[in-house]
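The values are calculated or read from the model by the stated rules, or taken from the named source; none is laboratory data. Being a predicted model, the structure only gives us computed values, none of them experimental. Please note: Cβ atoms are built from the backbone with ideal geometry, for glycine as well, and neighbour counts cover all protein chains shown. The accessibility values were calculated without ligands, DNA or RNA, using every heavy atom of the protein model including side chains. Shrake-Rupley method; radii C 1.70, N 1.55, O 1.52, S 1.80 Å.
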Amino acid sequence: MKPDVTGFFDDATNTISFVVKDPQSASCAIIDSVLDFDYSSGRTDTKSADEVIDYVTKNDLRVEWILESHVHADHLSAAPYLQERLGGKIGIGENITAVQDTFGKVFNEGTEFQRDGSQFDKLFVEGDSFHIGQMRGDVLHTPGHTPACLTYVIGDAAFVGDTMFMPDFGTARCDFPGGSSETLFASIQKILTLPDETRIFVGHDYKAPGRDEYAWETTVAEQRTRNVHVGQGQSREEFVEMRDARDATLAMPKLIIPSLQVNMRAGKMPEPDKDGDVFLKVPVNKL
């Protein structure tokens with residue numbers, strides 16, 4: 001089955017959110033939503049999420065799932081905001097618990113912060129399936145970028161999050177806690193065993209040198225032959241050496257500190273204080 005896929009590009013974070021619709025019904029899922037956040041003022045905005053809401057309501061769609069490919073470090077999730085307005089269950093990989101344990105310590109969250117994934121409605125494991133109307137989705141566990149990364153295979157479309165990008169840009173970094181270039185290489189090989197014609201939808205695009213337009217759709221065949229990091233039979237050893245050296249030169253994402261605190265809570269802010277004010281922590285020399 002070929003789902004209808006509509007992408008929404010967020011200029012501030014180079015993130016693409018997707019609405020994936022069952023072609024035979026009004027059922028849909030939203031993948032990797034964005035809550036706008038201005039770090040300098042500490043203010044949130046829902047402009048990006050409202051674009052998705054407008055699309056869903058104008059087309060009379062019914063949201064069944066709000067899916068996260070992983071705990072994003074470069075943007076905040078709008079999942080609770082979307083769920084409040086559109087319904088649907090929030091899902092992520094079961095290894096969210098490892099991410100919560102790691103960053104619960106980094107941000108000194110204390111015992112009141114639950115590290116069991118209970119903030120989410122569904123924790124997926126490898127081999128799980130779900131439905132969007134009559135359309136089946138299958139879950140691949142594809143860690144390496146983070147321990148909880150998933151690829152959602154829905155009909156002829158695979159939503160890979162940050163595991164790989166467009167062929168001319170390559171693959172995701174692996175230097176976050178729990179990341180591994182060797183594990184990422186294995187995960188990518190798993191994705192590349194899907195049928196050649198499978199459409200690959202990537203979670204970010206940064207316009208590789210020589211390309212003037214943003215893009216987020218490719219195919220397994222194109223990734224296998226043209227991906228600058230893993231195409232043309234690149235060996236595991238070559239990939240690991242390249243990826244580790246490249247990651248050593250990268251700065252932390254601009255929004256990593258607020259993103260992790262919010263996204264490990266399924267997009268919710270930390271509990272307000274007695275005056276109703278919400279605060280995010282900035283750990284010093286921890287990341």
### Task
Could you list which residues have their amide H under 5 Å from that of Lys89, counting only those 5 or more apart in sequence or on another chain, with H placed in the peptide plane?
Trp65, Ile66
### Query
So what is the accessible area of the stretch 151-287 per residue, in Å², with the probe set to 1.4 Å?
48
### Query
Within the accessible area of the chain, what % is carbon and sulfur when the probe is 1.4 Å and the other protein chains stay in place?
48
### ³J(HN,Hα) computed for each position of the stretch 244-256 - Karplus, 6.51 cos²θ - 1.76 cosθ + 1.60, integer Hz, glycine/proline x
5, 5, 5, 4, 5, 9, 8, 7, 5, x, 4, 9, 4
### Task
Quick one: P(r) of the stretch 133-287 from all Cα-Cα pairs, 5 Å bins, percents rounded to integers, in order of increasing distance.
2, 8, 16, 19, 18, 14, 10, 6, 4, 2, 1, 0
### Task
For every helix of n ≥ 4 consecutive DSSP H residues, a contribution of -39,500 (n - 2.57) applies; sum these over the chain, divide by its total residues, and give [θ] at 222 nm rounded to the nearest 500 deg cm²/dmol.
-7000 deg cm²/dmol
### Summary
Phi-derived 3J(HN,Hα) across the stretch 17-23 with the Karplus relation (6.51, -1.76, 1.60, θ = phi - 60°), rounded Hz, x for Gly and Pro, is 9, 10, 9, 10, 10, 5, x
### Query
What residues have an amide H closer than 5 Å to that of Ile200, excluding those fewer than 5 places away on the same chain, when H is modeled at 1.01 Å from N in the peptide plane?
Ala158, Thr218, Thr219, Val220
### Task
Select from the stretch 84-174 those GluC sites (Glu not before Pro) which occupy a DSSP coil region and have at most 12 other Cβ atoms within 10 Å, ordered by residue number.
Glu112
### Query
For the chain, which span is the longest to avoid every loop-located (per DSSP) member of chymotrypsin sites (Phe, Trp or Tyr not before Pro) having at most 13 other Cβ atoms inside 10 Å?
40-205
### Task
May I ask what percent, to the nearest 5, of DSSP beta bridges between residues of the stretch 15-67 are antiparallel?
60
### Task
Using the 2.2 N^0.38 Å rule of thumb for compact globular proteins, work out how the stretch 39-170 stacks up: its C-alpha Rg over that value, please.
1.13
#### Entry: Phi to ³J(HN,Hα) by Karplus 6.51 cos²θ - 1.76 cosθ + 1.60 over the stretch 136-147, Hz, x for Gly, Pro
8, x, 10, 10, 10, 7, 10, x, x, 5, 9, x
### Summary
GNM on the chain, Cα springs under 10 Å; top mean-square fluctuation among Ala29, Ala208, Ala158 goes to Ala208
### Query
Around Phe124, which amide H atoms from residues at least 5 apart in sequence, or from another chain, sit under 5 Å from its own amide H, with H modelled in the peptide plane?
Ile92, Gly93, Glu94
### Message
Among DSSP bridges having both ends in the chain, what percentage is antiparallel? Round to the nearest 5.
### Response
70
